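Read the structure below first, then the notes.
The values are calculated or read from the model by the stated rules, or taken from the named source; none is laboratory data. Quantities reported herein were computed from a predicted structural model and do not represent experimental measurements. Here the Cβ is made from the backbone with ideal geometry for all residues, glycine too, and neighbour counts use every protein chain on show. For the accessible areas, the whole protein counts, side chains as well, though only heavy atoms, and no ligand, DNA or RNA atoms are used. Shrake-Rupley method; radii C 1.70, N 1.55, O 1.52, S 1.80 Å.
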Amino acid sequence: MEVLRNAGDMRSFAGKSGGAVGESSVGLVPTMGYLHEGHLSLVRRARRECGAVVVSIFVNPLQFGPAEDLDRYPRDEERDLRLAEEAGVDAVFLPRPEEMYPVGFTTEVRVRGLEDVLEGASRPGHFAGVATVLVKLLNVVGPDRMYMGQKDAQQAVVVRRMMRDLGFAASLVVCPTVRERDGLALSSRNVYLSAAGREAALAIPRALRAAEEAGQAGDGEPPARLAHRLRELVKGDLTLQEGLEVDYVSAADAESLGDAADGTRAILLSCAAKAGDTRLIDNVVVRLEPEKAVQSPLL
Ligand code: AMP
């Protein structure tokens with residue numbers, strides 16, 4: 001496994017490995033490190049589908065707000081490299097911030113309309129940071145396929161639109177959320193949770209799962225009404241949970257992230273809440289049409 005720290009080396013590694021489909025294609029899994037089974041599920045999917053797998057590890061300062069946890073975001077390079085190697089990664093791209101954002105860097109990529117709702121409303125500037133770093137990573141690595149998790153559903157929707165708008169040829173593969181046995185979605189930030197915080201956090205997957213089941217039973221109900229009902233269910237459950245501070249609960253059209261309405265094919269039921277100091281996000285997608293008919297960005 002190669003460990004590459006500058007863009008030139010990364011570019012030439014990918015140039016040697018990629019170019020087409022199947023055996024000679026390059027798969028990129030962008031991460032902020034502190035790897036867990038969620039990240040590794042993306043690596044394994046890429047391993048099955050691509051000739052070479054590149055994992056990038058970069059805690060991207062542009063996507064953290066001034067009051068957020070950039071400084072205390074968990075990092076463990078040695079462990080990450082070991083896990084990547086065991087998972088069969090061909091190259092890890094580990095750029096320093098100066099490599100990604102050289103002095104005088106002023107470019108920003110905005111995905112208007114999608115970037116300022118849900119997570120974007122709570123974290124102004126977050127998705128501009130995400131879109132900007134991904135344009136750079138896509139240009140440096142030049143993958144044929146890029147792998148992201150449904151865990152960050154809005155991120156997938158924003159990035160898919162950005163790639164389409166800017167003409168990136170790579171395809172985006174969105175993989176299911178990996179959860180602990182008790183339902184908690186894996187996240188690098190879970191290490192911050194106290195025992196009590198973790199217990200409170202379990203209300204999130206429980207509430208989403210219950211609403212998902214209620215949604216599947218909602219045969220023929222108009223999407224706007226169903227979305228409202230599911231949102232209220234989740235909000236009610238989470239608000240009652242001691243030790244959890246709800247930021248938002250949303251039931252939106254999974255493709256436009258706007259209000260669910262007639263014609264909505266899937267509802268993205270998502271939420272953010274704090275357990276202690278740890279901010280957690282999670283979501284489920286409720287399909288309103290048979291699975292095959294729904295080509296949602298997330299599915
Ligand atoms: P992060 O390191 O948190 O930026 O995540 C890097 C990638 O891994 C993103 O595409 C995430 O959506 C994905 N990811 C994070 N947690 C999970 C999870 N529990 N299941 C599936 N994918 C995940």
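Across all directions, the average flat footprint of the convex hull enclosing the Cα atoms of region 205-278 is 4.8 nm².
Protection proxy ranking, highest mean first, for peptides 204-211, 5-12: 204-211, 5-12, where packing is the per-residue count of other beta-carbon atoms within 10 Å, averaged. In plain terms, the chain from residue 261 to residue 69 could stretch by 65.5 nm, reckoned as 0.36 nm per residue minus the Cα-Cα distance. Surface listing: 132, 239, 177 arranged by accessible area from highest to lowest gives 239, 177, 132, probe 1.4 Å.
Between helix 203-216 and the chain there is an angle of about 70 degrees, using the helix long axis and the longest principal axis of the Cα atoms.
Scaling the Cα radius of gyration of region 150-205 by the globular reference 2.2 N^0.38 Å produces a ratio of 1.51.
Computed 3J(HN,Hα) for region 264-270, one whole-Hz value per residue from the Karplus formula 6.51 cos²θ - 1.76 cosθ + 1.60 where θ = phi - 60°, is 4, 9, 7, 9, 8, 9, 9, glycine and proline marked x.
Only protein atoms count toward the accessible area here, which uses a 1.4 Å probe; on the chain, the carbon and sulfur part of that area reaches 48 percent. Over region 1-136, the fraction of Cα-Cα pairs per 10 Å bin, rounded to whole percents and listed from the shortest bin up, is 11, 37, 36, 15, 0. In the chain, inverting the average of 1/r over every pair of distinct C-alpha atoms gives 19.9 Å as the Kirkwood radius.
Quick one: angle between helix 223-240 and the longest Cα principal axis of the chain, in degrees between 0 and 90, rounded to 10, please. Here the helix axis deviates by roughly 90 degrees.
Counting every alpha-carbon pair across region 38-107, the share separated by more than 17 Å comes to 53%. Taking label positions 7 Å along the Cα-Cβ direction at both residue 199 and residue 166, the computed distance is 4.6 nm, reported to one decimal.
Each label point was placed 7 Å from the Cα along the Cα-to-Cβ direction; for residue 228 and residue 1 their separation is 5.1 nm.
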